[in-house]
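Read-outs throughout are calculated quantities, based only on the coordinates presented, and are distinct from any laboratory measurement. If you're wondering where the values come from, they're calculated on a predicted model, not measured in any experiment. So basically every Cβ, Gly included, is an ideal-geometry build from the backbone, and we count neighbours across all protein chains shown.
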């Protein structure tokens, strides 16, 4: 364990270094504390949810691994989340999927309501956590052929439209209770495995279905609608109805939030370059920070070049008030609480690094045409002692410093996770 005095001494030295560049480190930490990352509930139970419909995951989604200790009930998931939050500096949010309601029996997707999420709303209120939400357009018999809101069958479309409308009501109640907007994100997996003969009609149906869902005005102080694009998925390799171009146009024309998922584009394409362009035309952006490996494989977020680029783009563009940051990965091959901690700590760490940059100086070099100084300074910043600031930030917010958080995870695994079986727990 690193001594507290040593952490503070290292911080003071780092503070001097950064202040020599014109960066007020104390103000950076104060600013960072206000950023809330939305942790995704589905990492804790491998996207299983708490429904009683017998459906397989499907729709291009797959979770690999069988690490012991998966949450089987809402109470277990909340307990795991509380442990994860205790390892992450800052006050963060929770992103819930509609299939995580407490249904106490079979309730179909078009019948869900606020009552099924009252337990989550009250728990979040008690924890001081704000909620975000997502309709669940997968793992259901009416999604088994790969189509939902763009389905040729009007009855199937109606079912999913009603589900979307119900989810907006739930999200609005969450936002009203917590006193800030609940981001309600629509990801629709519709698409074809092989080359379609008609790309146009499904997109027309999808747009019409979304228009019906969004027809009722909602208080934007309570909930904000987001739509999420994707290049391809398992079972929709050749054609996804809700492509980037489709949803970019939809979001601009309807003034919705556009959700950019780091794994939803070509493996050589990045979302960091898209943020400033998209924000010219849409009110706000939702990010699903993930890590694709060769495909949209939703690996745990690491401290990668692209993660740092995303953070720098948000900070350099002064976009923090218009960008909502959420996570989207699910790995069942490692401890699930550790996955949350690793991914979220890395996102916060990347934001800290970006905030410690003398952005005004770099941009002035650029305006002056002094690209030599711009490049030189960017490279020098890579070896600045930001890790000392990170350790100090963790210590002052009461979370483990360095790899000490892993000891907490191991203790929790021994005391709690090891007693769980792969069987569904009784309610």
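Nearest 0.05, what FRET efficiency do residue 102 and residue 152 give at R0 = 56 Å with Cβ-Cβ as r?
On the way: r = 34 Å, r/R0 = 0.61.
Efficiency computed from Cβ-Cβ geometry: 0.95.
Multiplying the sequence separation of residue 273 and residue 404 by 0.36 nm and subtracting their Cα-Cα distance, what value in nm do you get?
Gain on stretching residue 273 to residue 404: 43.7 nm.
Could you order the peptides 393-399, 330-336 from most to least packed, using the average number of other C-beta atoms within 10 Å per residue?
In descending order of packing, they fall as 330-336, 393-399.
Relative to the first principal axis of the alpha-carbon coordinates of the chain, what is the inclination of helix 74-85, with its axis defined by its Cα atoms, in degrees from 0 to 90 and to the nearest 10?
The helix 74-85 is inclined about 20 degrees to the chain.
Subtracting the Cα-Cα distance from 0.36 nm times the residue separation, let me have the gained length for residue 281 to residue 201 in nm, one decimal.
This chain segment gains 26.2 nm when fully extended.
Would you calculate a helix-derived [θ] at 222 nm for the chain, using -39,500 (n - 2.57) for each DSSP H run of n ≥ 4 and dividing by the full residue count, to the nearest 500? Write out the running numbers ahead of the final one.
On the way: 14 runs with 175 residues, N = 427.
That comes out to -13000 deg cm²/dmol.
In whole Å, what three semi-axes, largest first, describe the equivalent ellipsoid of segment 58-143 built from its Cα gyration tensor (square root of 5 times each eigenvalue)?
Rounded to whole Å, the semi-axes are 23, 18, 12.
Let's test the formula: R0 of 56 Å, r as the Cβ-Cβ distance of residue 360 and residue 194. What FRET efficiency results, to the nearest 0.05?
Taking R0 as 56 Å, the efficiency between residue 360 and residue 194 is 0.60.
What do you get for the angle between helix 154-178 and the principal long axis of the chain? Use alpha-carbon atoms, 0 to 90 degrees, nearest ten.
Between the helix axis and the principal axis of the chain, the angle is about 40 degrees.
With springs connecting C-alpha atoms under 10 Å apart, model the chain as a Gaussian network and identify which of 70, 322, 367 has the largest mean-square fluctuation.
367
Using a basic spin-label model with each label point 7 Å from the Cα along Cα→Cβ, how many nm lie between residue 382 and residue 367?
About 2.7 nm, to one decimal.
How many nm is it between the label spots at residue 52 and residue 255, if each spot is 7 Å from the Cα in line with the beta carbon?
In this crude label model, residue 52 to residue 255 measures out at 4.5 nm.
Measure nothing but the geometry: give the 0 to 90° angle between the long axis through the Cα atoms of 404-415 and the longest principal axis through the Cα atoms of the chain, rounded to 10°.
40
In percent, what relative contact order does the chain have, based on Cα pairs under 8 Å that are 6 or more apart in sequence?
Details: 758 pairs, mean separation 89.9, N = 427.
Value for the chain: 21 percent.
Which whole-number percent is the relative contact order of segment 160-317 (Cα, under 8 Å, 6+ apart)?
For segment 160-317, the relative contact order is 20 percent.
Based on the alpha-carbon gyration tensor of segment 360-424 and its eigenvalue square roots a ≥ b ≥ c, which shape applies: rounded if a/c is under 1.5, prolate if not and a/b is larger than b/c, or oblate?
Because a/c hits 1.5 or more and a/b exceeds b/c, segment 360-424 counts as prolate.
Kindly rank 140-149, 207-216 from highest to lowest mean number of other beta carbons found within 10 Å of each residue.
140-149, 207-216
May I ask you to compute the full-extension gain from residue 234 to residue 215, defined as 0.36 nm times their residue separation minus their alpha-carbon distance, rounded to one decimal in nm?
3.7 nm
If packing is taken as the average number of other Cβ atoms within 10 Å across a peptide's residues, how do 166-172, 248-254, 151-157 rank, most packed first?
Final packing ranking: 166-172, 248-254, 151-157.
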